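Colleague: Take this structure, written in structure tokens, and hold onto it; I'll ask about it next.
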Amino acid sequence: MSWSKRLFRTPPLIVAGDRFTAWLGLLVGWVAVGFGASAASRAAGLLISYDDGACGIHSGDVCQVVGWGGLLMGVVALAGGTALWILMARGFGPPATWWVLPIALAALAFAPFSAAEGAAMSVLWLVLAVIAGLLALALAVLAGQRGKAARYGWIRLDGLDAREVAHRPVDKLVIPLAALAAAIAGGAFGAHVIRLLSDA
């Protein structure tokens with residue numbers, strides 16, 4: 001069995017979708033994933049800044065609380081996005097369950113870019129960021145090897161099994177764009193929340 005099949009298995013149960021819950025799950029799930037990734041990345045950047053004493057006008061306690069709290073909040077949101085996906089619309093659209101690990105690792109890889117201005121990157125942080133980025137790319141490739149299941153999910157808008165009925169061109173265009181827009185909106189909100197907390 002290949003690594004892609006080991007890590008990204010076919011869902012054991014394919015649930016027939018409903019248009020309303022499917023769109024609700026698609027949007028809510030990807031908002032949570034985008035929020036979690038953005039919050040984790042920004043919070044890890046604050047922790048890097050704290051290690052270097054580059055918190056600016058903020059005290060070290062504020063940096064630590066926001067950093068660790070934001071990192072935990074981001075991880076919980078990523079896990080919550082996956083849970084919402086399964087509960088509300090399993091298999092509809094680009095499945096968060098297939099992409100949450102690559103996205104989480106990519107968020108950690110971008111953490112050094114979220115550090116405060118003037119923070120000197122330690123070799124350890126840079127090595128960890130590079131490792132996280134390489135793992136994110138490797139997992140994304142493995143997920144992509146699963147083909148249509150990873151790109152569009154198992155259930156179409158009309159509830160038909162995607163393995164039996166091909167996606168229409170409009171499905172291939174609209175569903176990924178909707179997921180991307182939801183993730184960007186969630187990411188912007190996560191970055192705004194961390195900024196507000198760090199300015200407190």
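Colleague: Share of segment 129-200's accessible area from carbon and sulfur, percent, 1.4 Å?
Modeller: Of all accessible area on segment 129-200, carbon and sulfur atoms account for 73 percent.
Colleague: Sort 27-35, 65-73, 98-106 for me by packing, meaning the mean count of neighbouring Cβ atoms within 10 Å per residue, highest on top.
Modeller: Working: 27-35: 25.8, 65-73: 19.6, 98-106: 21.1.
My ranking of the peptides, most packed first, is 27-35, 98-106, 65-73.
The values are calculated or read from the model by the stated rules, or taken from the named source; none is laboratory data. Note that the structure is a prediction, hence the values are computed from the model and not measured. Please note: Cβ atoms are built from the backbone with ideal geometry, for glycine as well, and neighbour counts cover all protein chains shown. Just so you know, the surface numbers come from the protein's heavy atoms only, side chains and all, with ligands and any DNA or RNA stripped out. Shrake-Rupley method; radii C 1.70, N 1.55, O 1.52, S 1.80 Å.
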